[in-house]
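Here the structure is laid out as structure tokens; the discussion comes afterwards.
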Amino acid sequence: MTKQQVLDLYFMDARSKLIDIAAFLDRLDRAEGQPDFRAGEFRKALEWMQSADQERAKGVLLSLSDPTTEPIAKAPGKGACGAWPGPGTEEGR
Amino acid sequence: MRYIEPHGHMVSRTTDDYEAMVYAGCAAVCEPAFWAGFDRGSVEGFRDYFCQLTDYEPRRAARFGLPHYSWLCINPKESEDMVLAEEVLSIIPDFLGCPNVLGIGEIGLNKNTRNELRILERHIDVAAQHGQLVLVHTPHLEDKLKGTRLILDAIRADGRLVADRVIIDHCEEHTLGLVLDRGHWAGITLYPESKTTPARAIDMYEQYSRQNLWLNSACDWGRSDPLSIPKTVLEMRRRGHRESAIEGLVYGNPVRFLSQNPRFQLRLE
């Protein structure tokens, strides 16, 4: 596809998602209380959006991933929350 | 266009879904064993489930002329209870002779624990001993990268499985290259929220591999869409892919992998 074709096919969809992310951050800022680690990890991952790297999707996924390599002793639960809290936490081990 | 749904948890879906899939061109559905959304209480619960996968569900699909195949295992979400897991592993060989069973799956990891890894190694051993194809689930979200690496290393450490008889499923942009570099097949799962969208799936197809790759809906009891493969066919047409290339991805590729088990009857022609 040409760049023009990509824009013609995907611009409106991407525009909608971009505004949704902006509205989510606004909503988060307006809300009361302290956010957990996911807010900070989300903002860190957002930095990939302005990267010149052509693997931005991969960069966002890596940014939100557990980078450790050893299996853990016990599962903290069955689910995943979408971001890694870092070492020394219940989920981050 | 004809396509194969190589990963659908049909026990969680309605008969209407079967009908809609057939209307959309589905030529066969393959159902890996998975977590029911709650932990089963005993090995007898798994025996009943395996009977459902090998007897009842194929008959339900056959009402619509749809061939149904299955894969057997205890899923990683229930592998923390190693006593139960060993009991379930002991009954799997009883079902490997069933005419619709294609292999061991979907094994893998969930939270990347030592017990999950031990039970993954036990499944690899059963597959190697019985010469089975293997379908591997990779963990969700933040756990996927680490889990994929641990799984690939466990398979390599065992050394008995032939790489292209193993498919590693639920790959995304940060894991697909790792899987293909080891010579395995890779699966991409189309989900409304987690995993990938049709657009991202076709991005990966265009960038990484047009050969050892399949798409699936992994439809189950959660938010998922049993028609996500035909919807991705539309995505490919919008981008101008040829019909032969599209059918190669959604029909030809799964046929090539699954035909490594002679029980899988569909052919390329």
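Bear in mind that the values in this text are calculations on the coordinates, not laboratory data. Nothing here was measured: the structure is a model prediction, and the numbers come from that model. Cβ: placed from backbone, ideal geometry, glycine included. Neighbour counts: every protein chain shown.
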Quiz item: Applying the selection to region B:126-149, what residues are facing chain A (nearest Cβ under 7 Å) and without any contact (Cβ under 8 Å) to a residue 12 or more places away in the chain?
Solution: B:GLU142
Exercise. Tell me which residues, restricted to region B:73-100, are exposed (fewer than 15 other Cβ atoms within 10 Å of the Cβ) and of a type in the set (Ser, Thr, Tyr).
Key: B:SER90
Practice problem: Being in a helix (DSSP H, G or I) and closer than 28 Å to B:ARG156 by Cβ is the filter here, so list the residues in region B:177-202 that pass it. | Solution: B:GLY177, B:LEU178, B:VAL179, B:LEU180, B:ASP181, B:ARG200, B:ALA201
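Looking at region B:150-164, which of its residues are within 14 Å of another protein chain (Cβ to nearest Cβ) and touching a Leu at 6+ places or on another chain (Cβ under 7 Å)? Before you say what the answer is, go through the steps one by one.
So the first thing to find is which residues in region B:150-164 are within 14 Å of another protein chain (Cβ to nearest Cβ), and the list is B:150-154, B:157.
Selection gives B:LEU150, B:ILE151, B:LEU152, B:ALA154.
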Self-check item: Unmet criterion (only one of (1) part of a helix (DSSP H, G or I); (2) surrounded by 19 or more Cβ atoms within 10 Å (Cβ to Cβ)) for B:GLU206
Solution: (2)
Quiz item: Out of all the residues in region B:165-188, which are of a type outside the set (Asp, Glu), crowded, with 21+ Cβ neighbours inside 10 Å, touching a Leu at 6+ places or on another chain (Cβ under 9 Å) and within 14 Å of chain A (Cβ to nearest Cβ)?
Solution: B:CYS171, B:THR175, B:LEU176, B:VAL179, B:ILE188
Self-check item: region B:150-176: number of residues that are assigned to a loop (DSSP other than H, G, I, E, B) and either basic (Lys, Arg) or in contact (Cβ under 8 Å) with a residue 24 or more places away in the chain (or both)
Solution: 9
Quiz prompt | Of all residues in region B:235-267 being within 15 Å of the chain's Cα centre (by Cα), of a type in the set (A, V, I, L, M, F, W, C) and in a helix (DSSP H, G or I), the one that is surrounded by the most Cβ atoms within 10 Å (Cβ to Cβ) | solution = B:VAL250
Practice problem: Give the residue that is farthest from the chain's Cα centre (by Cα), with candidates limited to residues of region B:189-201 that are surrounded by fewer than 19 Cβ atoms within 10 Å (Cβ to Cβ) and within 11 Å of chain A (Cβ to nearest Cβ). | Solution: B:ALA199
